[in-house]
Structure formats: C-alpha cells, structure tokens
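The values are calculated or read from the model by the stated rules, or taken from the named source; none is laboratory data. Please read all numbers here as calculations on a predicted model, not as lab measurements. Reconstructed Cβ throughout: ideal geometry from the backbone, glycine too, with neighbour counts over all protein chains shown. Quick note on the areas: whole protein, heavy atoms, side chains included, nothing else; ligands and nucleic acids left out. Shrake-Rupley method; radii C 1.70, N 1.55, O 1.52, S 1.80 Å.
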Amino acid sequence: MSHLVLLSVACVLVLSSWAMPAPMFPFVLPWNDASGGVTNVSDWLEKPAGKNGFVQVRGEHLFAGEKRLRLMGVNLAFGANFPTHTDADGIAARLARFGINCVRFHHMDNQRAPAGIWAADMKTLDPGQLDRLDYLIAALKKQGIYSDLNLHVSREYPDMPRGPGVSGYFKGLDLFYPPMIDMQKDYARQLLGHVNAYTKNAYSHEPAVAIVEINNEDGLICEWWNGALDNMPEAYRTELTTRWNHWLSEKYADQKALTGSWQTGSKAPGEEMLKNGDFGNVQSSWFLEQHADAKAEATIEQNDTGHSAMKINVTHPGTENWHVQLSQVGLTFQKGQAYRISFRAKASEKRAISIAICQSTEPWRALGTAETTLETQWKDFTLSIPSAADESKGRLVIGSMGSAVGMVWLSQIKLSEAGLTGLDAGEVWGSVPFFRRNASMQRTPNAQRDWMTFLWKTEEAYWVGMSAFLKNELGVKAPIVGSATAFSPPTIQSKLDIVDVHAYWQHPSFPKRDWSNVDWSVNNVPMSGVPGGGVIPGMAQRRVVGKPFICTEFNASAPNTYSSEAFLLLGAYAAMQDWDGLFAFAYSHRTNDWDEQKMTGFFDIDQHPNKMVTLPAVAALFERGDVAIGSNPLVADVSADGSIKQSMVSGPWWMAQDLGQPKLAALVQRVAIRETESPAKPAALPIDPNKPLISQGGELTWDVAQKRVIVDTPLSKALIGKTDGKPVRLGDVTIKTLPNMQDWAAISITLMSGKSFSSAGSILITATGNLENTGMQWKTATRTSVGRNWGKAPSLVEGIPAIVTLPTGDRIVKAWALNDRGARWKELPVVSTNGATTIEIGPAYQTLWYEVEIK
C-alpha cells in the first residue's frame, strides 16, 4: 500500500509540472452509442413515455400522473426528423443515455420529402415520411422520451400572394389571413389525426406527446412593429384594413365620435433637441465610441447636396456590433412620447444600422430602438421611436457599425418630439387605412392606443382560437404552446397552457445577406460571469405567474470556443427559477449524416463533444432537481390594459424589468409577471451589479469580478468561467485549475450515486474548454468566423488540467479517465491524506470526462 501511495504522489508531481497548455487532441462521441456506465443516465427516465397517462398542467407546472415532469429536450430540424428505422433506434437510445426526455420536432413542414413531411403538392403528407416519423416517435417513446410536435414553423403556404412586403414564412400575415389559417388547421388535422402505425395512437391522443405548438416565433404585433407589414400585398392589406374598420365601427358610432377621441392630444412637432446636427461645427457635441478592439475614425466631408457630413470609417471590427457607435448625450426623454429622427446617409456597402434612444449612465438601458438599411447612394430617412421610460440623462446612439469594416456617411441629423395628429386628411369613419409602423408614432395617444388594442385583440383571438380548435375539434390531449414570448407578448401567450421563450448566446450575425455561409460572425466570448447576466435574465423575466414556463430553443452558437458552458448555465438557473422545460437547439439538422465526427455548424450539438458530455450533469441539475428552487417569485404586476400600453412603447419584447423589477434579480430569485386588474407597485429586490450575485439558496454565484459562475449544491458542483490557478472551494470539494488554452474552463462534478461526496458512491467529472475541427481556418484573430472553412473530422478538444479534492475520509477511492463511450479507460493516480482525496485530471488522458468511485 505504501508503495502505491508513493507512486501516486510521484505521478501527481509529474502531472503538475505542466507549465503550458497541451496541444488539442481528437475526441469523438459515437453517434449511436448507448453504453452503460456512469455517463448513462437513461435509468432516470420513466419508460415508456406516457406510462402514467397524458401530460397535464397542474397549477404552474407539468405533471405525468402524480409526478412532476421537467422536460430536458433537444430539437430535430428539417430532414433529421425522418431517419431510417435503424438510425432511429440508435438515436433514441443515445438521447436517453444523456438524459434527454423530450424531442421537439421542428421545421418538418418546410419542404417536400425527403427533407420534409410534404408530398410534392405541399398540401398532403408523404406516406413514407410519415412512416419514418412514426417509427422514430415510437422508438423515443420506448426509451422514455416524449415528443413536442410543432405545427406551422417554416412552410411557405402554397398559392398565397407574394411580394416584397411578405415576411419570411408569411409571419404576422398568417395570424389574420383566413386562407392561411385554414391551411394551418388542415395540416393539424392531417398530422394530429394520423394514427401512428407503431404506437397505434393518433397523435392527438398519444400520451407520449407532451406538447403541441401552434406557430413558431410568430406574432402580429411583432411583425407590425418590425415594419414587415408596411408594404403588404393588396389581399392582406385589404383583409387587415377591413378588420380594422369593423373594430373601429364597433367602438365609435360615427365620424364625430371618432374625431372627438382621436383629435385629443394633437400637437405640433417639438423643437430641435440636438446640437450640431448639421456638423457645421466639425464634430462638436458628438462622440465616436470605440469599444474592445474596434477601430474607427471620423472625418467631415460634404454630402451630395453640399451639406457637411460625418464619414465614419471602421477599419477594424469589434466582437459586438455596438463596439462602434456615434452618440450625443444631454437629452431628455419622456415615457410614451415618440421622437422623430431624420437624417441623410449612405454606406460603402449595403449595411444595417440601428438608431436608439438610451440612458447615458448605468444600466445603459435602451429606451427605444429602430433599424434601417443604408444603400451605397445617399438617401433620406425618417424614423419615429417611442421612449419606454422617463430619462433626464439620455443620449442618442447611431450604432450597429462595429461588426464589419467599411464606411458610413451621416448628414443633417435632426431629433425632436414627434408631432401628433388624429385623423389625417381624407380619413373618415369606415375607411381609415391601417397604420404603418413608422407613421403610427405620429398619431395621437388615443389613435395609437386604438391601433395597438386592435392588433392585440386580433392576435389574441388567433392564439386562443387555434388552441380551442386543437382541443375541441381535434381532441388534442397534450398541453398547447402558442409561440415564444418576445415574438408575442407574455400575457397573450399566458392565455394558452404553457409560456415559452427562446434565446441564444452569440447568435450568428450576417452583415450583408441573411444566412450567408461565407460572410458571418459569431462573437467569441463566454457568457459566464458577464455583466448583465448574458441572456438568462431576459429569459427568466418573461415568465407569467400561474403558468408552466419552458425554453424550447437555447444554445451558445458554434464555433464559439466557450460554448460548452451553455447548458450547464441554463440548467442551473432554470432549476433555480423552477422552470418546466429546456431544449437545446438543435440536436441535428441533417437528414442521414449522423456520423460526421466533427462540429457541423452553428447549432447542432450531436457531434459537438464539449456540449454533449455536459448533458448528464445538466440532467442532474435540472431533471433531478439538484439546485434549490427559489422562494416565492418577485412579481411584476400588469393589468390587461397595462399590457397593451406597454406594447405601445416596447412592442412584444417587454418583460418584468419594464414593469419595475431589476433585470439582474433573475440571477438571485425567481421572477415572474402577474396579470391582475389591481396592479401593485413591485417589491423590487435591491441589486448591486458590482458584487457577486448569489441565489437565495446560496448555491449559484454569478461573479462579474471573477468572470465566472459557481454551482455549489449537495449533489452537484461546477466552476464555469475564468481560471486563475487559485483553489476554489465548493463546499467540501475543491477545484484548483492549472494553465489552459483560454484561461477558461467549464468543470462539473456530479454525484451520480450515493448520498454525498464523502460517502460511498460514484462521481462524474467533466472538464471542457476549447474545441475546433481538424484544419478549421479562422478568418480573424478574434476567432469570430471561419466562413466556409469549418474543417474536417475528427473534432479536436482541449484537455483541461485541474486538481480535484474530495472529502472522502478513510474510504477507498479509485478514479478513471473515460473513453469516447464513457467506459473506464485509464486509471488515474489518487492521493488520500488527512481525510481528503486528491485527483489530477488533464490532457495526458485524452478525454473530457472522468469517473471517481468511492467505496
């Protein structure tokens, strides 16, 4: 025994001698592996899915029988929904081993077979595709995996009028245009009425169907607010205008009543608010902001009409589009007031810019924003932006110039309170045109209020009506989701069974053409410990009291080299917030190519080993419930009328923060919106953004100063973020990191069996950092894009070196590096002294996960 101890000490000393990060090494997880062992948590799933009856909503949570159901899911997209039977069995078993208990079937409706569900006519379902879908859902059911069936996602409705004013997938239009709604219902009848050949149940009556979603990322208010409906083809314009005038005729008896209401509050435009808007005094009063590594310079030239113009030349992009922006401070804004900004501009290449009215001090909140696209020729722009709050220390920001090199010219900038009119010339009761987005801000408050109320009621009627159709006519037993909040206001979505949210950390941006496979960027920065909490607070603040809350799309986009943090962070905070579901977007978009052995794109995780190996730990945090749930939520009250008013100034994107709760409160305590006719002033939680934000139970710490997140629960520990070589105590467990490639790591330590880290049981350790494909070629030093050069198989990973100390007492401890199937591969030396055991992990073992056994 003494000889073994001495040998172990020697090995530890040798391993600790690493002074520099080791090279990356190949690591690929088999696509269809369901091996047993410590990494396989399929036993945590009840089999088959639906064994206890239909999923039900009870209070604000989901239940399967008498047991609370938390859904940890993935998305399948496009052709990935239709694998062969053999592949389906392998996929289902692999998902179960990682703790996945629900699959969201997404973008099935986009194409004809073989990548979609449609026959050639795009109106009837392809029998062969239905058979593949049926078999996959049956295979998932056997493994304890539920299904989330999406209805309209990305089908371009056949035979519908098209034109430049039609938004993608007819979003917004299909919430009020009857022929499109009829097509949605017909698809629902075909799909949900279809009897699965293998389960023998129609999908409307299938206990393994946990959720049915009506219309993905769609909303009438959202699309109108974005300006996407301003230039609708005549058929849609006529339909919406007819509905609008019918609504007005029910509220106002005649012209006199309409005029009397709408003329109230009419006023002329306000005085000019900007100094030196014509740049006659060179650059006085304007500040060219350059953040991070962005570089830009400003000079004064003349525009095409002989007026002074500021030329902004971005010579080096930053990691965020706001890293170059032009601003002027010293402005005052009033809540609900619209501000008219006009300017003349052009760019060296076609590019989008943003205009915002903001706070000029912490928390730097944007009070209102608008976007427009500059062309290579001079053009006049006029925009109206409402302010979401009163602000005496405001600023105007012309931004979104930091993501790409190039030149922007700005001239004759003017800003004032917008003038307000009721009825424009020629408008009469019974024939009032629909309000275009920008022009609506120049209407009186009553006119704006009527228009938003009309949109609200129209949108609400669609969601409630479709839900009633699914339940009453088709007999759907599963709970119904409408769409994700932010695309539709949260209190509208709360009229359905479940409230949903989507979010991405560093979603790819496309400066010139959407979804270009060449010209794109993904900011290569971690979320853990960033000021503002990343995307998590904005997600949590859209929850509604009394309703289950889920996130059906989340990811940190590849090739972000910190993206292995994504699901550990969301799993921990979703558990603390007591959500009912979280779904990775996506598992795969690919039809048959399941064994790529490399990172395949922005979103797919099935061939992303750094993300996949974290999933058992995420299942423990979220499904098993390792994180303590916060006490009663901080509530932000809003009335039904208040919801409409808030949408007048914030569109559909408002959340608890807009109703009085601090944004960062969501990192400390549960937060939710409550609809009530007697709103109370919220009891806001005092937040100091400069101090570590510790959750109520003390188990989660968001530490901006240290740039990391700590998870410290009785059964799960994690260090996610910046590493500095100093020991980090997580209760009675300690992690000491050693030098690594990015001074950053995501290390999880999960008790897989046993009562505590000091008792007999098994422990899973995962340690992830950088990931690239073989031969992947970065286009920039900041590693924000690879263009088409994603590289080839196999994927290469970083082995994170660290020393883990466990409180094992005098128990016998063994440890192993695990191979790509999660099986014991190489035994690690361990050192046990003074009631503690020290284990060193690192790149010498060529793995991302380890097992510790305490006897």
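A few comments on the model shown:
- Sites count as exposed loop sites when they are GluC sites (Glu not before Pro), lie in a DSSP loop, and have at most 12 other Cβ atoms within 10 angstrom; the longest stretch of the chain without one is 376-676.
- As a length-normalised measure over Cα pairs under 8 Å and 6 or more apart, the relative contact order of the stretch 322-425 settles at 45 percent.
- Percent antiparallel among DSSP beta bridges (both partners in the chain, rounded to 5): 75
- Loop-resident chymotrypsin sites (Phe, Trp or Tyr not before Pro) (DSSP state other than H, G, I, E or B) in the stretch 171-236 with no more than 16 further Cβ atoms inside 10 Å of their Cβ: Tyr198.
- Placing dummy labels 7 Å off each Cα toward the beta-carbon, the span from Lys335 to Thr264 is 2.0 nm.
- The mean sequence separation of alpha-carbon pairs under 8 Å and at least six residues apart, normalised by the residue count of the stretch 348-390, gives a relative contact order of 40 percent.
- Largest to smallest in accessible area, the residues Asp500, Asp593, Asp712 fall in the order Asp593, Asp712, Asp500 (1.4 Å probe, all protein chains included).
- Degrees separating the helix 234-251 axis from the principal Cα axis of the chain, which is the longest one: 70
- Count of lysine pairs in the stretch 418-557 with Cα separation under 23 Å (8 or more residues apart, or interchain): 8
- The distance separating the Cα centre of the stretch 585-612 from that of the stretch 102-152 comes to 19 Å.
- Dipole of the stretch 382-440, positive direction: furthest Cα of Met401, Ser411, Pro433, with charges on the beta-carbon: Met401
- With the convex hull of the Cα atoms taken as the outline of the stretch 754-808, the averaged projected area works out to 6.0 nm².
- Length-normalised contact order of the chain in % [C-alpha pairs under 8 Å, at least 6 apart]: 14
- Dmax and Rg, reported as Rg then Dmax, of the stretch 496-624 (C-alpha, Å): 15.2, 45
- In the context of the full set of protein chains, residues of the stretch 333-486 present 36 Å² of accessible surface per residue (probe radius 1.4 Å, heavy atoms only).
- Contour minus Cα-Cα distance for Thr774 and Glu362 (0.36 nm per residue): 144.0 nm
- Options Ala268, Gly642, Ile841, ranked by Cα towards positive dipole end of the chain, top entry (Cβ charges): Ile841
- Sulfur and carbon atoms: percent of accessible area, the stretch 407-483 [1.4 Å]: 53
- The stretch 728-855, accessible area per residue, ligands and nucleic acids excluded (1.4 Å, Å²): 36
- Once you reduce the stretch 312-330 and the stretch 762-841 to the center of their Cα atoms, the two points are 39 Å from each other.
- Pairwise Lys count, the stretch 652-749 - Cα closer than 22 Å, eight or more residues apart or different chains: 15
- In the structure shown, the pairs Lys171/Lys346; Lys47/Lys141; Lys47/Lys142; Lys346/Lys393 are assessed against 18 Å; a Cα-Cα span above that value is assigned to Lys171/Lys346; Lys346/Lys393.
- Gain on full extension, evaluated as 0.36 nm per residue between Asp514 and Arg68 minus their Cα-Cα distance, stands at 156.5 nm.
- Angle in degrees between helix 640-650 and the longest Cα principal axis of the chain, rounded to the nearest 10: 90
- Pair Ala197, Ala760: separation of 7 Å Cα→Cβ label points (nm): 5.1
- Straight-distance crosslink candidates among aspartates and glutamates, where the alpha carbon sits under 19 Å from Lys275 and sequence neighbours closer than 8 are dropped: Glu289, Glu301, Glu391, Glu417
- Folded to 0 to 90 degrees: helix 566-576 orientation relative to the chain principal axis, Cα: 80
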